[in-house]
Amino acid sequence: MQEDHFKVEDTIDDQDHNFLEEQMFAYNMARTGYHDGRTVALLVRDEQGAIVAGLSGWTWGGMLKIEYLWVREDYRGKGYGRRMLEAAEAEGRARGCRQVALDTHSFQAPDFYPRFGYEVYGVLDDDPVGYKRYYFRKRL
């Protein structure tokens, strides 16, 4: 019997990460028949071109998944988060999505999303230890 050759690493280069992601996506497409996966990204830049807010995620199989929504501290409270969320939802609808899902930690923005119709469908305690991760969804 051949011994497995692997080692645990604390970094992965972009090429290897992309390879794994592509393999999972190919498997998922083959199993479900959905071949419509696309990235969603919105970026807000200041006059110097620096990113001050952004949202990234994907659509696939009638689902919009928001992975990251971030607004630089000095831009918070000015509606950027709301407008990016609304724009991503509009794009999801245009792509035929029926729902959107995202998650956030208790120290991030769990009070933000319910204001826009998101409902908690799960909570994971101690992620990280002493905090919670909230899983939200919204029907489009």
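We did not get these values from a lab; they are worked out from the coordinates using the rules stated. No experiment lies behind these values; they were computed from the predicted model shown. Glycine gets a Cβ as well: all are built from the backbone with ideal geometry, and neighbour counts include every protein chain shown.
Dipole orientation for the chain: of the candidates Gly57, Ala88, Leu42, Ala88 has the Cα lying most toward the positive pole (charges on Cβ; Lys, Arg +1; Asp, Glu -1). In bins 10 Å wide, starting from 0, what share of all Cα pairs of the range 56-119 does each bin hold, as a percent? All Cα pairs, binned at 10 Å, distribute as 20, 56, 22, 2 percent. Calculate how steeply helix 80-94 sits against the longest principal axis of the alpha-carbon atoms of the chain, using the helix alpha-carbon long axis, and give the answer as 0 to 90 degrees to the nearest 10. Its long axis makes an angle of about 60 degrees. For a modelled paramagnetic label at Phe107, 7 Å from Cα along Cα-to-Cβ, the residues of the range 126-140 in reach, with backbone nitrogen under 13 Å, are 126-133. Of the residues Gly37, Gly61, Gly77, the one that moves most in a GNM of the chain with alpha-carbon contacts below 10 Å is Gly77. Treating only the Cα positions of the range 14-139 as identical point scatterers, give the base-10 log of I(q)/I(0) from the Debye formula at each q in 0.14, 0.15 Å⁻¹. One equal scatterer on each Cα of the range 14-139 leads to -0.72, -0.82.
Treating the beta-carbon of each Lys and Arg as +1 and of each Asp and Glu as -1, no other charges, what is the dipole magnitude of the chain about its Cα centre, to the nearest 20 debye?
In debye, rounded to 20, the chain gives about 1120.
Using a Cα-Cα cut-off of under 26 Å, which lysines could be cross-linked to Lys138, ignoring same-chain neighbours fewer than 8 residues away? Of all the lysines, those that pass the test against Lys138 - Cα under 26 Å, at least 8 places apart if same chain - are Lys65, Lys78. Springs join every pair of Cα atoms under 10 Å in this Gaussian network model of the chain, and among Glu89, Glu67, Glu22 the largest mean-square fluctuation is at Glu22. When both the range 62-96 and the range 1-44 are represented by their alpha-carbon centers, they are found 24 Å apart.
Rounded to whole numbers, the Karplus 3J(HN,Hα) couplings from phi for the range 42-49 are 10, 10, 10, 10, 7, 4, 8, x Hz, using 6.51 cos²θ - 1.76 cosθ + 1.60 with θ = phi - 60°, and x at Gly and Pro. Once the dipole of the chain is set up with Lys and Arg at +1 and Asp and Glu at -1 on Cβ about the Cα centre, which of Tyr27, Phe107, Gly117 lies farthest towards its positive end? So the residue we want is Gly117.
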